Amino acid sequence: MRKIKIAQIGSNTNSHAVPVFKSLAKQTDVFDIVGYCLPENEEERLPDHLETYKDYKRLTLEEILNDPEIEAVAIETDEIYLTKYAIMAAEHNKHIHMEKPGTFCLEEFEKLISIMKKTKKVFHTGYMYRYNPYVKELMAKVKSGELGDIISVEAQMNCSHKPEVRRWLKDFPGGMMFFLGCHLIDLILQIKGTPKNIIPFNKSTGKDGIIAKDFAFAVLEYDNAVCFAKTCASERGGFLRRQLVVSGTKGTVELKPFEICVDGGQYTGRTEYTSENWQEKGDESTSDFYYRFDDMLHSFARMVVGEIENPYTCDYELELFKTVLKCCE
């Protein structure tokens, strides 16, 4: 595969700008990093990020956008700026990898999608669980009918964040549902499609006197199923309780812990249940060791060069964004 000239636009406070850049940098057989820019005062706001970029050329935003040899960009600004810079990149005919989920303005996101559909460039978003090896296997089982009719999807993504992160959640509608719940809504939509009804329950725990919505829960209703997404930033032990449980008429698959972190990488636990015996423990396994962002970005590269098609169409990304906003009230 030929190497792709790419640049990163921005760095972010609590998302994946640094690990994404590090993943691009280590995949030297795939990516040629031309440089980066910090358009939203990140140099002053995020000085601890500068070490990651020190060996690469600092460019202006205009230099990145106007260089025809830079065919792809990674948009990694703070969430409130994501769609703005993605629109700029789209208008300059770039392939785009954008941090999830986008800025919370639906009209801006619709404009972005409209441009990407016209340019026919790759629009790829940072939902890293799409590339989890066990998630990929689970989605194949769902699609093949191996689990039967899916009657429920239970998705949780919890943690115990520091006060400064929980205060920051006030910037978003729905708080944690927008910040991390979007990952869970993505998984549910892939399995069950658009729900007929959504009931959001987004609350503040009041921990440390913080009023941001650090506890988020949404019920997604279907004709033959009820699913839920739960994400909490104030839950001790929450990280190891991150899980995805898919129940069908022929079997249930539980992914838990979703990520066990070792040496900078991860593996995932899985239990599969097919017996009608109430006390059957199920078949347990763990995935091979993997790095969270490597397959995601390598797949983006393969899409850019035309080796594979992006299975997540612009229309799907727009429907996902709309559903996330509904779950955020």
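Derivation of every value follows stated rules applied to the coordinates shown; laboratory data play no part. Being a predicted model, the structure only gives us computed values, none of them experimental. Neighbour counts run over all protein chains shown; Cβ positions are idealised from the backbone, glycine included.
Is there a pair in 5/100; 3/118; 120/213; 54/322; 57/230 whose C-alpha atoms are over 29 Å apart, and which pairs would that be? The pairs that break the limit, which is 29 Å between Cα atoms, are 120/213; 54/322; 57/230. From least to most packed, judged by other beta carbons within 10 angstrom and beginning with the fewest, 253, 135 follow the order 135, 253. Loop sites by DSSP among the trypsin sites (Lys or Arg not before Pro) of the chain, restricted to those with at most 15 other Cβ atoms within 10 angstrom, leave 121-195 as the longest stretch without any of them.
Helical content alone sets the calculated 222 nm signal of the chain at -9000 deg cm²/dmol, taking -39,500 (n - 2.57) per DSSP H segment of four or more residues and averaging over every residue.
Compute the length gained on full extension between residue 137 and residue 43: take 0.36 nm times their separation in residues and subtract their Cα-Cα distance, giving the result in nm to one decimal. The partial results should precede the final answer.
Working: separation 94, 0.36 × 94 = 33.84 nm, distance 4.06 nm.
That works out to 29.8 nm of additional length.
Note on residue 22 and residue 221: with the Förster distance fixed at 45 Å, the Cβ-Cβ geometry gives a FRET efficiency of about 0.65.
Would you order 313, 231 from fewest to most other beta-carbon atoms within 10 Å of each residue's own beta-carbon? Provide the component values of the computation, followed by the final result.
Working: 313 14, 231 30.
By the 10 Å Cβ count, ascending, the order reads 313, 231.
Overall, the chain carries a charge dipole of about 360 debye about its Cα centre when +1 sits on the Cβ of Lys and Arg and -1 on the Cβ of Asp and Glu, all other atoms neutral. If you wrap the Cα atoms of region 133-286 in a convex hull and average its projected area over all directions, you get 9.9 nm². Placing +1 on the Cβ of each Lys and Arg and -1 on the Cβ of each Asp and Glu in the chain, which of 56, 4, 199 has its Cα farthest towards the positive end of the resulting dipole? Toward the positive end, the furthest listed residue is 199. A Cβ-based charge dipole, computed about the Cα centre of region 133-286 with Lys and Arg at +1 and Asp and Glu at -1, lands at about 580 debye. Between region 79-106 and region 262-306, the C-alpha centres lie 28 angstrom from each other. When the inverse distances between all different Cα atoms of the chain are averaged and flipped, the Kirkwood radius reads 20.5 angstrom. The chymotrypsin sites (Phe, Trp or Tyr not before Pro) found in region 101-147 include none that occupy coil by DSSP while having at most 16 further C-beta atoms within 10 Å.
Extension gain for residue 309 to residue 240 (0.36 nm times residue separation, less C-alpha to C-alpha distance): 21.5 nm.
The charge dipole of region 77-213, taken about its Cα centre with unit charges on the Cβ of Lys, Arg, Asp and Glu (plus for the first two, minus for the last two), comes to roughly 160 debye.
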